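The values are calculated or read from the model by the stated rules, or taken from the named source; none is laboratory data. This structure is a prediction, so every number in the text was calculated from the model and none was measured. Using ideal geometry, Cβ is built from the backbone for each residue, glycine included, and neighbour counts are taken over all protein chains shown. Only protein heavy atoms, including side chains, enter the accessible area calculation; ligands, DNA and RNA are left aside. Shrake-Rupley method; radii C 1.70, N 1.55, O 1.52, S 1.80 Å.
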Amino acid sequence: MSRQAPTPARQLSITIAGKPIPYILKTSARRHTLGLRVDQHGLTVHIPTRVPQRTVDSLLQDKADWIARKLAEWQERPGPASMEWLDGAALQYLGQDIQLVLRQDSKIRSLEFDGARLYVALPNPDDSKTVQRKVAQWYARQARADFTRRIELLAARLDVPAPPMFLSNARTRWGSCNSRGEIRLHWRLIQAPPHVIHYVVAHELAHLKEMNHRPEFWAWVKKLCPEYTSARQDLKAMSAQLHLV
Ligand SMILES: [Zn+2]
């Protein structure tokens with residue numbers, strides 16, 4: 001069985017002026033003072049061990065103006081944000097917030113998901129690369145099962161046999177359909193809400209009828225996905241976020 005590891009870093013959140021501000025809390029036995037840092041990863045709070053949470057909370061409230069100003073400065077800087085692979089980090093699965101739970105274990109265990117938390121147990125939970133790889137593999141497994149099912153359902157509505165599906169990791173496209181009638185769907189789409197996945201699957205399946213983007217093509221998309229215009233906008237709006245993982 002796995003055991004609960006000491007967690008030197010946690011993802012938390014505090015509400016300042018009505019706005020939730022996520023932050024990383026790092027505890028160190030070597031520290032004697034509380035410290036705040038704002039950088040490209042957001043807000044980090046460094047504390048000695050055994051500092052109560054209310055002390056952290058009141059420090060953050062006292063420094064609210066400074067924090068808001070620094071966060072705004074960083075947000076204005078260009079450059080991609082990146083995901084922090086920490087215990088407690090927020091992930092998305094089918095449009096729902098789920099929580100990453102990291103545990104130390106003597107060997108890498110298969111991931112467990114209870115509907116709200118994704119448990120990752122491995123010898124070194126601070127090894128972000130391995131955590132990221134394990135989570136990506138988990139997403140890909142869920143994606144394969146979910147997309148296959150949707151393709152079967154929608155292909156039946158078009159009265160065509162379900163085409164072969166492959167998961168893709170393409171940088172610029174969420175889905176594609178080639179002249180052999182093979183469909184490729186990006187595994188990261190599994191993070192998106194069901195209506196967005198539905199739209200992408202409907203779009204690629206409609207290419208089995210029309211290999212173009214003429215009005216006849218969009219009529220097939222609409223038949224499978226009447227709300228396709230808003231789903232398409234939602235996908236566009238969340239694309240950058242889906243690529244963070
Ligand atoms: Zn297309």
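Quick one: would you say Val45 is modelled with pLDDT of 90 or more and part of a strand (DSSP E or B)? Judged against the criteria, Val45 is a match.
Scan region 232-242 and give yes if some residue there is among the hydroxyl-bearing types (Ser, Thr, Tyr), away from the ligand (no atom under 12 Å from the Cβ) and open to solvent by 50 Å² or more (accessible area, probe 1.4 Å), otherwise no. No; the residues of region 232-242 include none that is among the hydroxyl-bearing types (Ser, Thr, Tyr), away from the ligand (no atom under 12 Å from the Cβ) and open to solvent by 50 Å² or more (accessible area, probe 1.4 Å).
Report, by residue number, each residue of region 167-192 that is away from the ligand (no atom under 16 Å from the Cβ) and either in contact with a strand residue (DSSP E or B) (Cβ under 8 Å, 6 or more places away or on another chain) or among the hydrophobic types (A, V, I, L, M, F, W, C) (or both). If the condition is that a residue be away from the ligand (no atom under 16 Å from the Cβ) and either in contact with a strand residue (DSSP E or B) (Cβ under 8 Å, 6 or more places away or on another chain) or among the hydrophobic types (A, V, I, L, M, F, W, C) (or both), then Leu167, Asn169, Trp187, Ile190, Gln191, Ala192 are the ones that fit. Of all residues in region 216-241, those that are under 17 Å from Leu158 (Cα atoms) and in contact (Cβ under 8 Å) with a residue 40 or more places away in the chain have Cβ atoms under 8 Å from Cβ atoms of residues that are open to solvent by 70 Å² or more (accessible area, probe 1.4 Å) and within 13 Å of the ligand (Cβ to nearest atom), 6 or more apart or on another chain, in Trp220/Lys209. Gln40 fulfils the conditions (1) at pLDDT below 90; (2) open to solvent by less than 50 Å² (accessible area, probe 1.4 Å) except for a single criterion, (2). Taken together, the residues in region 210-228 that are open to solvent by less than 80 Å² (accessible area, probe 1.4 Å) and either among the β-branched types (Val, Ile, Thr) or within 12 Å of the ligand (Cβ to nearest atom) (or both) amount to 7. Tell me whether region 146-155 contains one or more residues that are within 30 Å of Lys107 (Cα to Cα), more than 16 Å from the ligand (Cβ to nearest atom) and among the aliphatic types (A, V, I, L, M). No, region 146-155 contains no residue that is within 30 Å of Lys107 (Cα to Cα), more than 16 Å from the ligand (Cβ to nearest atom) and among the aliphatic types (A, V, I, L, M).
Within the set Arg184, Arg232, Arg149, Arg214, the sole residue that is touching a Ser or Thr at 6+ places or on another chain (Cβ under 6 Å) and at pLDDT 95 or above turns out to be Arg184.
Residue count for region 197-209 under the criterion of being closer than 21 Å to Gly95 by Cβ and within 9 Å of the ligand (Cβ to nearest atom): the result is 2.
For region 52-85, the tally of residues that are over 30 Å from His195 (Cβ atoms) and assigned to a loop (DSSP other than H, G, I, E, B) stands at 5. Counting the residues of region 158-192 that are out of contact with any helix residue (DSSP H, G or I) (no Cβ under 6 Å at 6 or more places or on another chain), open to solvent by 30 Å² or more (accessible area, probe 1.4 Å) and not polar (S, T, N, Q) gives 11. Here Arg171 passes the criteria (1) at pLDDT below 95; (2) in contact with a Ser or Thr (Cβ under 8 Å, 6 or more places away or on another chain) except the one numbered (2). Cβ-Cβ distance below 8 Å, separation of 6 or more or different chains: which pairs start in region 172-201 with a residue that is at positive phi and end on one that is open to solvent by 30 Å² or more (accessible area, probe 1.4 Å) and more than 15 Å from the ligand (Cβ to nearest atom)? Pairs that qualify, where the first residue is at positive phi and the partner is open to solvent by 30 Å² or more (accessible area, probe 1.4 Å) and more than 15 Å from the ligand (Cβ to nearest atom), are Gly181/Pro164.
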